[in-house]
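Here is the structure we will look at.
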Amino acid sequence: MAKNSWCEQRVAATLNRWRRRLRWGLPLLALARAHAEDQAGYRHEYYQEHDGRIRVNSDVFLVQKIAAPWLELKADFTCDAIAGATPIGAPPANTITLRDAATGVVTSGSTIRSYRKAGIDAMSGASPGGTVTVRSASELPTAQITDDRYAGNVSAAISVGAHQFTPQVSYSDETDYKSIGLALNYAWALNQKNTTLVAGYAHAFDKIVPNSGTFLQQTRHKDSDEVLLGVSQILTPQTVVAVNFTLGQSSGYLNDPYKGVLFESTPLISATEAALYSEKRPEHREKVLALLSLTQAVSPVHASVEGSYRLYYDSFDILAHTLGLTWRQKIGDRLVVAPLFRYYRQTAASFYDTQFTGDPVVAAALVPTYYSSDYRLSESHTFTYGVQVTVKALDWLSFDAAYYRYEMHGLDGKTADANYPTADVVSLGGRVWF
Amino acid sequence: MVLTATGDDYRLTFPAMSTTCRLNFRAATNALARQVQTEARAWVATFEAKYSRFIPTSLVSRINTSRDWVEVDEETDRLFDLCNEMVFLTGGAFDPVSAPGWSAVERRPGAVRLPAGARLDLGGIGKEYAVDRVFNLARQHGLLDVLVDFGQDVRVYGQSPGKDAWYIGLEDPAQPGHCWSTVAVTNHAVATSGDYFRPGHIRDPRTGQPVHNGCRAVTVIAGNCTQAGILSTAAFVLGPPAGLELVQLCLGAEACIITETNRYQTRNFDAYVVH
């Protein structure tokens, strides 16, 4: 999460969680590798959302050392430079309704051109505004953010016969978000290594720090736990199937500190200026995930295809499905081309809306218990597609390049389309074995 | 000009002095609110016409273009007395007259004369002075809870509706429009000087050159807005630690200086910060 947030639970946070999720898959991959070797790698990734939205430049360093036949050490370090505009939670002015708390009379908020955090009566500064402003009633209010994120991860895979234990420590550091993660993964290869059972536990200690643009006045904390159980089965020499189940919970401050919400009955600060309140999510979240994947070798054309399905449900009432398909085509001895397509669809959180009734001060009785206008909690779907190319230039040297496009669209008919980003992701990297 | 009301809380907004002027207050009757609205707007219009250096017919323009004595009224005399005092207090870090500076200005009761080549610019004091005058106007009408905000120079009295104070966000020079912190004040003024929005526009009167001492913004909390505005500009010119030492000379004033690499503040500034 992090800054951002008038920023969103920004991209860094999203990437952070995404990467953390990927770590669950590492034991499977590690066991599947025929010949582990010492290696080092570097990758630069450029993520750019359209229309001046978030841009992330990432540098990722990776090193792996086989310290002993039974010990494999791995470390990676990531630097993210994040900048760009992010929605603040308010809808475009021409969709805002204002309701007088005393009379119930409804008027339009289309005159609004600026937004100020509720709780602040004025701002002292040297710029002419001191608020988030828009040029027209149809423009989505956004705020500019910048931050740097530094993250590291160290793991040690210890093999004892058919058993492998992988303790892991990770950290992430941004101006407004600090995280330390501990995990222990276990894998058991049996049935002549045709079957692998995996189990894991991870805990994350997160600290959310007040920062420019946030609604936070004091440091808050969040604790997360995840438990994973899974099995990977080689069905035939050409077919592998894997099933994973994850249970998780988070407790503490689960808001995005940069996201605001607009209430119907909040008096305007002036005829053109509205007040935004901090969003309010439950302080506890439980989730369950199931992942099914099937990898099939297509020997006649020197290729493999991997299909996957992921089911997600959480106590925010978000139900999500992800379908993925990756084709890995080997061309000659040194080139692999891997096009990918992924489709993601989710329902809305039970407390999501673009605007809320009442006002926390003048009409508190009408205010729902929880409220958020973060578009990432809305009903939506996302398409991701692209291709990765890997070239093995020498026996000890490979390069890879990838391009992915990410397109998110709303499905509820009320959230402004401008909320949903379209992004291009380009990465270039190299790896050496020694 | 727009006046809106929620119960007995009134909010007046109007453009003037190249910025947005806001006046929030609690009034017993609608008639009183409208009277304050009319008088405040009229006073600001008169003030701007008189002291803007961008209006050719203004008093300041006449002083700047005339090489002879120019007659001034009692209010202007008082304003110049204040300039005199603050130039002395700041050791020249605040000076409303370009080289050779305020010390070369000739004054006599009811008249002033500038030396050749010098120009008077009340830009560093005018808006803050207007805040104080409109604030006094509101208080003279018996208004209890008052906030005057002219382009982010603020003076308050009493409390914001439903709160124990007025909450003023301090703009983050790294991200204009966002707050890096919030202060709670009940009978104070808050003013900030910075060059993060218009780099190089604050000049050191002693050299005539833009200030390049690493300062990004200086916020001063003081008893009135004119004092807060002058101190924030002077402290910006002086930089830390001299800027903080200057503010500490003024009873009841507190300051925070944000530089490119650090943050410095007077001993009691933290007492106003909302934690």
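Residues are listed down the side, and each one gets a yes or a no for (1) at pLDDT 95 or above; (2) more than 20 Å from A:Ser212 (Cα to Cα):
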{"residue": "A:Lys259", "(1), (2)": "no, no"}
{"residue": "A:Ser270", "(1), (2)": "no, yes"}
{"residue": "A:Ala274", "(1), (2)": "no, no"}
{"residue": "A:Lys287", "(1), (2)": "yes, yes"}
{"residue": "A:Leu291", "(1), (2)": "yes, yes"}
{"residue": "A:Pro300", "(1), (2)": "no, yes"}
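Taking A:Lys287 as meeting all but one of (1) among the charged types (D, E, K, R); (2) open to solvent by less than 30 Å² (accessible area, probe 1.4 Å); (3) within 26 Å of A:Val227 (Cβ to Cβ), write down the number of the exception.
Just one mismatch for A:Lys287, condition (2).
Kindly check whether there is at least one residue in segment A:246-257 that is among the β-branched types (Val, Ile, Thr), surrounded by 17 or more Cβ atoms within 10 Å (Cβ to Cβ) and more than 21 Å from A:Leu216 (Cβ to Cβ). Lay out the reasoning, then the answer.
Within segment A:246-257, the first condition is being among the β-branched types (Val, Ile, Thr), and the residues that meet it are A:246.
Okay, now just the ones that are also surrounded by 17 or more Cβ atoms within 10 Å (Cβ to Cβ), so A:246.
Filter once more, keeping what is more than 21 Å from A:Leu216 (Cβ to Cβ): A:246.
Yes, there is a match, as at least one residue in segment A:246-257 is among the β-branched types (Val, Ile, Thr), surrounded by 17 or more Cβ atoms within 10 Å (Cβ to Cβ) and more than 21 Å from A:Leu216 (Cβ to Cβ).
Name the one entry in A:Ala401, A:Ala418, A:Ala365, A:Ala393 that is in contact with an Asp or Glu (Cβ under 9 Å, 6 or more places away or on another chain) and open to solvent by 30 Å² or more (accessible area, probe 1.4 Å). Walk me through how you get there before you give the answer.
Working: A:Ala401 fails: in contact with an Asp or Glu (Cβ under 9 Å, 6 or more places away or on another chain); A:Ala365 fails: in contact with an Asp or Glu (Cβ under 9 Å, 6 or more places away or on another chain); A:Ala393 fails: in contact with an Asp or Glu (Cβ under 9 Å, 6 or more places away or on another chain).
Of the residues listed, the single one that is in contact with an Asp or Glu (Cβ under 9 Å, 6 or more places away or on another chain) and open to solvent by 30 Å² or more (accessible area, probe 1.4 Å) is A:Ala418.
Could you check A:Thr239 against (1) open to solvent by 20 Å² or more (accessible area, probe 1.4 Å); (2) touching a residue at least 24 places away in the same chain (Cβ under 8 Å) and say which number it fails?
(1)
Restricting attention to segment B:152-161, which residues are part of a strand (DSSP E or B), within 9 Å of chain A (Cβ to nearest Cβ) and over 9 Å from the mean Cα position of the chain (by Cα)?
The one that is part of a strand (DSSP E or B), within 9 Å of chain A (Cβ to nearest Cβ) and over 9 Å from the mean Cα position of the chain (by Cα): B:Val156.
When you go through (1) of a type in the set (Gly, Ala, Ser); (2) within 14 Å of chain A (Cβ to nearest Cβ); (3) more than 18 Å from B:Ser232 (Cα to Cα) one by one for B:Gly101, which number turns out not to apply?
(2)
I'd like the full set of residues that are under 21 Å from B:Gly162 (Cβ atoms) and in contact (Cβ under 8 Å) with a residue 40 or more places away in the chain, limited to segment A:100-118.
Within segment A:100-118, A:Asp100, A:Ala101, A:Tyr115, A:Arg116, A:Lys117, A:Ala118 meet the criteria.
Pull up segment B:103-123, narrow it to residues that are open to solvent by less than 30 Å² (accessible area, probe 1.4 Å) and touching a residue at least 60 places away in the same chain (Cβ under 8 Å), then point me to the one that is nearest to B:Glu39 (Cα to Cα).
B:Leu122
For segment B:177-193, give me each residue that is in contact (Cβ under 8 Å) with a residue 12 or more places away in the chain, touching a Gly at 6+ places or on another chain (Cβ under 7 Å) and facing chain A (nearest Cβ under 8 Å).
B:Thr182, B:Ala191, B:Thr192 - these are the residues of segment B:177-193 that are in contact (Cβ under 8 Å) with a residue 12 or more places away in the chain, touching a Gly at 6+ places or on another chain (Cβ under 7 Å) and facing chain A (nearest Cβ under 8 Å).
Going residue by residue through segment B:51-69, is there one that turns out to be within 14 Å of chain A (Cβ to nearest Cβ) and more than 21 Å from B:Ile168 (Cα to Cα)? Walk me through it before giving the result.
So the first thing to find is which residues in segment B:51-69 are within 14 Å of chain A (Cβ to nearest Cβ), and the list is none.
No, the conditions are met nowhere in segment B:51-69.
Please tell me if A:Leu268 is free of Cβ contacts under 8 Å to residues at least 24 places away in the same chain and either aliphatic (A, V, I, L, M) or in a helix (DSSP H, G or I) (or both).
Working: free of Cβ contacts under 8 Å to residues at least 24 places away in the same chain: no; either aliphatic (A, V, I, L, M) or in a helix (DSSP H, G or I) (or both): yes.
Spelling it out, it is not the case that A:Leu268 is free of Cβ contacts under 8 Å to residues at least 24 places away in the same chain and either aliphatic (A, V, I, L, M) or in a helix (DSSP H, G or I) (or both).
Being over 22 Å from the mean Cα position of the chain (by Cα), in contact (Cβ under 8 Å) with a residue 40 or more places away in the chain and open to solvent by less than 10 Å² (accessible area, probe 1.4 Å) is the filter here; which residues of segment B:20-58 pass it?
Residue satisfying the conditions is B:Ala27 alone.
Tell me, which residue of segment A:124-135 that is free of Cβ contacts under 8 Å to residues at least 40 places away in the same chain and in a strand (DSSP E or B) is farthest from the other protein chains (Cβ to nearest Cβ)? Talk me through it step by step, then tell me what you get.
Filtering segment A:124-135 down to residues free of Cβ contacts under 8 Å to residues at least 40 places away in the same chain leaves A:124-130, A:133, A:135.
Within this subset, residues satisfying the condition of being in a strand (DSSP E or B) are A:124, A:133.
Working: A:Ser124: 4, A:Thr133: 8 Å.
Residue satisfying both the conditions and the ranking: A:Thr133.
From the set of residues in segment A:136-155 that are surrounded by fewer than 16 Cβ atoms within 10 Å (Cβ to Cβ) and farther than 30 Å from A:Ser110 by Cβ, which is farthest from the other protein chains (Cβ to nearest Cβ)? Don't jump to the end; show me each part of the working.
Applying the first criterion (surrounded by fewer than 16 Cβ atoms within 10 Å (Cβ to Cβ)) to segment A:136-155 yields A:136, A:138-139, A:148, A:150, A:152, A:154.
Keeping just the survivors that are farther than 30 Å from A:Ser110 by Cβ gives A:148, A:150, A:152, A:154.
Values: A:Asp148: 12, A:Tyr150: 18, A:Gly152: 25, A:Val154: 31 Å.
Top of the filtered list is A:Val154.
When you go through A:Thr354, A:Thr390, A:Thr384 one by one, which is the residue that is in contact (Cβ under 8 Å) with a residue 60 or more places away in the chain and either closer than 22 Å to A:Thr95 by Cα or of a type outside the set (Phe, Trp, Tyr) (or both)?
Working: A:Thr390 fails: in contact (Cβ under 8 Å) with a residue 60 or more places away in the chain; A:Thr384 fails: in contact (Cβ under 8 Å) with a residue 60 or more places away in the chain.
Exactly one residue qualifies, and that residue is A:Thr354.
Any idea which of A:Ala242, A:Ala275, A:Ala290 is among the small types (Gly, Ala, Ser), part of a strand (DSSP E or B) and under 30 Å from A:Ser136 (Cα atoms)?
Details: A:Ala242 fails: under 30 Å from A:Ser136 (Cα atoms); A:Ala290 fails: under 30 Å from A:Ser136 (Cα atoms).
So the residue among A:Ala242, A:Ala275, A:Ala290 that is among the small types (Gly, Ala, Ser), part of a strand (DSSP E or B) and under 30 Å from A:Ser136 (Cα atoms) is A:Ala275.
Select from segment B:196-217 the residues that are within 14 Å of chain A (Cβ to nearest Cβ) and modelled with pLDDT under 85 and list them in ascending order. It would help to see each step written out before you state the result.
Here is the first cut: in segment B:196-217, the ones within 14 Å of chain A (Cβ to nearest Cβ) are B:196-202, B:211, B:215-217.
Selection gives B:Tyr196, B:Phe197, B:Arg198, B:Pro199, B:Gly200, B:His201, B:Ile202.
Does A:Asp121 qualify as being in contact with an Asp or Glu (Cβ under 7 Å, 6 or more places away or on another chain), at pLDDT below 95 and within 12 Å of chain B (Cβ to nearest Cβ)?
Details: in contact with an Asp or Glu (Cβ under 7 Å, 6 or more places away or on another chain): no; at pLDDT below 95: yes; within 12 Å of chain B (Cβ to nearest Cβ): yes.
No, not satisfied.
Return the pairs, sorted by first residue and then second, in which the second residue is open to solvent by 70 Å² or more (accessible area, probe 1.4 Å) and among the small types (Gly, Ala, Ser), the first residue lies in segment B:253-266 and is more than 10 Å from B:Gly243 (Cα to Cα), the beta carbons are less than 9 Å apart, and the residues are 6+ apart or on different chains.
Going by the 9 Å Cβ cut-off, the qualifying pairs are B:Glu254/B:Ala271; B:Ile258/B:Ala174.
Do we find a residue being open to solvent by 10 Å² or more (accessible area, probe 1.4 Å), within 16 Å of B:Ile258 (Cα to Cα) and assigned to a strand (DSSP E or B) anywhere in segment B:198-218?
Yes - at least one qualifying residue is present in segment B:198-218.
Considering B:Ala235, B:Ala271, B:Ala228, which residue is more than 10 Å from chain A (Cβ to nearest Cβ), aliphatic (A, V, I, L, M) and open to solvent by less than 20 Å² (accessible area, probe 1.4 Å)? Break it down into steps so the answer makes sense when it comes.
Values: B:Ala271 fails: open to solvent by less than 20 Å² (accessible area, probe 1.4 Å); B:Ala228 fails: more than 10 Å from chain A (Cβ to nearest Cβ).
The unique qualifying residue is B:Ala235.
Would you pick out the residues in segment A:290-340 that are basic (Lys, Arg) and either surrounded by fewer than 15 Cβ atoms within 10 Å (Cβ to Cβ) or in contact with a helix residue (DSSP H, G or I) (Cβ under 6 Å, 6 or more places away or on another chain) (or both)? Steps first, please.
Going through segment A:290-340, the residues basic (Lys, Arg) turn out to be A:310, A:328, A:330, A:334.
Answer for segment A:290-340, where residues must be basic (Lys, Arg) and either surrounded by fewer than 15 Cβ atoms within 10 Å (Cβ to Cβ) or in contact with a helix residue (DSSP H, G or I) (Cβ under 6 Å, 6 or more places away or on another chain) (or both): just A:Arg334.
Is one or more of the residues making up segment A:207-220 at pLDDT 95 or above and among the hydrophobic types (A, V, I, L, M, F, W, C)?
First, the residues of segment A:207-220 that are at pLDDT 95 or above: A:207.
Okay, now just the ones that are also among the hydrophobic types (A, V, I, L, M, F, W, C), so none.
Looking for residues that are at pLDDT 95 or above and among the hydrophobic types (A, V, I, L, M, F, W, C), one finds none in segment A:207-220, hence no.
Looking at (1) within 11 Å of another protein chain (Cβ to nearest Cβ); (2) open to solvent by less than 10 Å² (accessible area, probe 1.4 Å); (3) over 30 Å from A:Thr175 (Cα atoms), which is the one condition that is false for B:Val134?
For B:Val134, the failing item is (1).
Which of the residues belonging to segment B:162-197 are outside any loop (DSSP other than H, G, I, E, B) and of a type in the set (S, T, N, Q)?
Start the filter on segment B:162-197 by keeping residues that are outside any loop (DSSP other than H, G, I, E, B), which leaves B:166-172, B:175-185, B:189-194.
If the condition is that a residue be outside any loop (DSSP other than H, G, I, E, B) and of a type in the set (S, T, N, Q), then B:Gln175, B:Ser181, B:Thr182, B:Thr192, B:Ser193 are the ones that fit.
Quick check on this structure: which one of B:Asp164, B:Asp145, B:Asp149 is within 14 Å of chain A (Cβ to nearest Cβ) and surrounded by fewer than 20 Cβ atoms within 10 Å (Cβ to Cβ)?
Values: B:Asp145 fails: surrounded by fewer than 20 Cβ atoms within 10 Å (Cβ to Cβ); B:Asp149 fails: surrounded by fewer than 20 Cβ atoms within 10 Å (Cβ to Cβ).
Result of the check over B:Asp164, B:Asp145, B:Asp149: B:Asp164.
Looking only at segment A:55-113, how many residues end up being within 28 Å of the chain's Cα centre (by Cα), in a strand (DSSP E or B) and aliphatic (A, V, I, L, M)?
10
The values are calculated or read from the model by the stated rules, or taken from the named source; none is laboratory data. Not measured: the values here are computed from a predicted model. Counting neighbours? That spans all protein chains shown, and the Cβs are built from the backbone with ideal geometry, glycine included. In case anyone asks, the SASA skips ligands and DNA or RNA and just uses the protein heavy atoms, side chains included. Shrake-Rupley method; radii C 1.70, N 1.55, O 1.52, S 1.80 Å.
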